[in-house]
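Q: Please read through the structure below; I'll follow up with questions.
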Amino acid sequence: MKPPEAKERRRGGVEKHAGPLSCAVGLVVLIGLYAIRQPLILSPFGLASLANVSVALALAAVGQTLVLLTAGLDLSIGAEITLINCFAATTMGSSALSVASVVVASLVIGLALGAFNGLVVAYGRIEPLIGTFCTSFIFAGSALIILPRPGGSVPDGFAAALTGNWGPLPFSLVLLAAAVLLVWVPVFGSRLGRYITAIGDDPESARISGLPVRRVALASYMLAGLFSAIAALFLAAETTSGDPSIGGIYTLNSLAAAVLGGVSLMGGRGTVMGPILGSFVLSIILNALGVFNVSAFWQDFIEGLILMLVLGLGGFRVLRAASWLAVLRQ
Amino acid sequence: MSRAIDPAVRATRMPLAARLSPDQRRVLLSYLILLAVYAGCVAVNREFLSWGTMRLQLVQATFIGIIAIGQTCAVLIGQIDLSVPWTITLSAILGTNLAALYGQQWVAFAVVGAIGLAVGLVNAFGVFALRVHSLIWTLAVNLLLQGITLLYSNAAAPTTHVPPIARFLALGNPAGLPMAFLVWVFCSALAILALSLLPFGRQVYAIGNRPAAALLSGVRLGRIHAIVFVVSALGAAFVGLLLSGYSSQAYLGMGNEYLLPPIAAVVIGGTRLSGGEGGYVGSIAGALVVVLLQAMLVTLAVSEGAREVIFGTILLALCFLFLRRAR
């Protein structure tokens, strides 16, 4: 007999990976179904196109997850993406030097926008929901000032470097992997990562234990801004232009993808693979509907239904609980 | 501590702010914000002193205010309802279409009732029975409703057969007062009474403060969740009907402007997003603040982008000055 704590811990481990695992299974099934209908999807070009429609959302969802882990919420991710996308598309020029400097500037702006959110929420002590809602107006408005209607351009070389493919390996996946390896992995290998999870798990104990709650929250919003910036640059490459309404859908979809991938909205629980796989599932479903000649009118209906089903399935474990009191105390 | 002081002494010696409970203080604060914003509006444009302009603002505030009733209740029990936009649109399109089809005005109200009940129960089922976070569940429901609306309307041209009663409720002007405002006053009175006098209100606050304690004291959690979400969906569906009367048509996306302003109104009104504290009296001021801010920015001759930046900045400043979390 194992002691009950070990059993408990094992169940916790399974639950932690339930989201990513079910998303991975769903992804394989989806691609299988897709391939039956359209075998070309398994060609290098097909895989690259699937990756390309999913990577921007995956980047946004990873950023959102960083904030969700601290029990925060970032409703300004879409506006951040829009602002940086417009900035990059209007200033990039065509020389290698200007492209490089605009890329660096975009990443810095992403960090700065995130820092602004962090200051508002962590130091200004405003609820994340309403605080990032306010900043989203400021960011989206600034984007409209920079670029009132779709326009601007990015050089072809920049676009090809992010959206092309090398054999079966799409560059967009390399970008996503690089972002995770260069940002997420070091962060969660360090004390900062442990603090992020600890604060999300129980903010009050974290504060009492002397963790730098505010600085950690600030850092999580900054990192979310950084991921938004990468997503914005990728979108600029994908559309080879800027669009002041491009980011709108990413705020709520990033939230949906994170939740699909098993990230808790209450903080403290989540992995990096979950939101990435969740984004791929969500994006590919939407993309497949178009390919299968499903009327665009069905898209929202089906996306909403899938979300409700997946979220609802997660809720059925509640039915196993001994009583409502046990459920409420979780 | 203040309990120990003799009330008579307290009333005479202490300043006004200290004599009020924290709840009352926050309501007072929201009305002070309203005064400040109104003063700002008048400073920017003298038009805001005229009854004609203010009447328009009252009608606009009615839409946000009625949605804010359900949203206030939802926030009070620690939840939120993000399915409002497409509840509005679906109810407006379905209501006007069916009313025109059957040639009966009451059909539109039946549609409002049916949609409110159905959407509210689905929301409550997911949030309460399945324990999904309301932020994401109601969002999924919103998406589903968007899909249903698109499928139903098949992206048809806007309906222009609006029942006359909807037009009267939104645009009527009995005794010089906008009818919509009278409707709002009536709904507000009901909401304030329900929250402050009925057992329902006490149970809502109990759930918001500590759900487990509420359960142990015999509060029927499921029933209260259902009522709250049905009230919210009913309000949204009714506003859909009002909006179709207001613009004499029902069109896709007409509810999209009504997702976050009512939530901003609730927050400015002093209701805590964590639940259990606040009430609808403040939300009324909040709705007026949001509407006045939007109207003031329209009168400024600036680009749309600059307008959004200013709106966000002012809202942020208000939150920063008045709504900071404890600690």
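Q: Across the stretch A:78-128, what is the number of residues that are more than 15 Å from A:A229 (Cα to Cα), of a type in the set (S, T, Y) and without any contact (Cβ under 8 Å) to a residue 60 or more places away in the chain?
A: 2
Results for (1) farther than 22 Å from A:D156 by Cα; (2) under 11 Å from the mean Cα position of the chain (by Cα), shown as yes or no for each residue.
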{"site": "A:S220", "(1), (2)": "yes, no"}
{"site": "A:L235", "(1), (2)": "no, no"}
{"site": "A:T240", "(1), (2)": "no, no"}
{"site": "A:P244", "(1), (2)": "no, no"}
{"site": "A:G262", "(1), (2)": "yes, no"}
{"site": "A:G268", "(1), (2)": "yes, no"}
{"site": "A:I276", "(1), (2)": "yes, yes"}
{"site": "A:L282", "(1), (2)": "yes, no"}
{"site": "A:N287", "(1), (2)": "yes, no"}
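Q: Next up: For the stretch A:71-87, which residues satisfy the criterion of being out of contact with any Gly (no Cβ under 7 Å at 6 or more places or on another chain), assigned to a helix (DSSP H, G or I) and within 11 Å of chain B (Cβ to nearest Cβ)?
A: Once the filter is applied, which keeps residues that are out of contact with any Gly (no Cβ under 7 Å at 6 or more places or on another chain), assigned to a helix (DSSP H, G or I) and within 11 Å of chain B (Cβ to nearest Cβ), the stretch A:71-87 yields only A:L83.
Q: Another question, if that's okay. Would you call A:L129 out of contact with any Pro (no Cβ under 7 Å at 6 or more places or on another chain), facing chain B (nearest Cβ under 7 Å) and not β-branched (V, I, T)?
A: yes
Q: Taking A:D74 as meeting all but one of (1) surrounded by 20 or more Cβ atoms within 10 Å (Cβ to Cβ); (2) over 23 Å from the mean Cα position of the chain (by Cα); (3) closer than 30 Å to B:Y258 by Cβ, write down the number of the exception.
A: Only one criterion is unmet by A:D74, namely (2).
Q: Let me ask something else. Only residues that are at pLDDT below 90 and in contact with a Leu (Cβ under 8 Å, 6 or more places away or on another chain): list them for the stretch B:100-125, please.
A: Correct list: B:V107, B:A108.
Q: State yes or no: is A:A89 at pLDDT 90 or above, buried (at least 22 other Cβ atoms within 10 Å of the Cβ) and in contact with a Phe, Trp or Tyr (Cβ under 9 Å, 6 or more places away or on another chain)?
A: Here the answer is no, as A:A89 does not meet what is asked.
Q: While we're here: Kindly indicate whether any position in the stretch A:145-160 is within 13 Å of another protein chain (Cβ to nearest Cβ) and within 21 Å of the chain's Cα centre (by Cα).
A: Scanning the stretch A:145-160 turns up no residue that is within 13 Å of another protein chain (Cβ to nearest Cβ) and within 21 Å of the chain's Cα centre (by Cα).
Q: So which of B:L297, B:L288 ends up being out of contact with any Cys (no Cβ under 9 Å at 6 or more places or on another chain), assigned to a helix (DSSP H, G or I), away from chain A (no Cβ under 13 Å) and not β-branched (V, I, T)?
A: B:L288
Q: Here is a follow-up. Which ranges mark the helices (runs of 4 or more DSSP H) fully within the stretch B:70-164 that have 2 or more residues being away from every other protein chain (no Cβ under 13 Å), under 22 Å from the mean Cα position of the chain (by Cα) and touching a residue at least 24 places away in the same chain (Cβ under 8 Å)?
A: B:84-102, B:106-124
Q: On the basis of being crowded, with 22+ Cβ neighbours inside 10 Å, more than 14 Å from every other protein chain (Cβ to nearest Cβ), under 27 Å from A:L73 (Cα atoms) and in contact (Cβ under 8 Å) with a residue 12 or more places away in the chain, does B:A236 make the cut?
A: So B:A236 fits the description; yes.
Q: A further question on this structure: Determine which member of the set B:I227, B:I268 is within 12 Å of chain A (Cβ to nearest Cβ) and surrounded by 18 or more Cβ atoms within 10 Å (Cβ to Cβ).
A: B:I268
The values are calculated or read from the model by the stated rules, or taken from the named source; none is laboratory data. Source: prediction; values computed, not measured. Cβ: placed from backbone, ideal geometry, glycine included. Neighbour counts: every protein chain shown.
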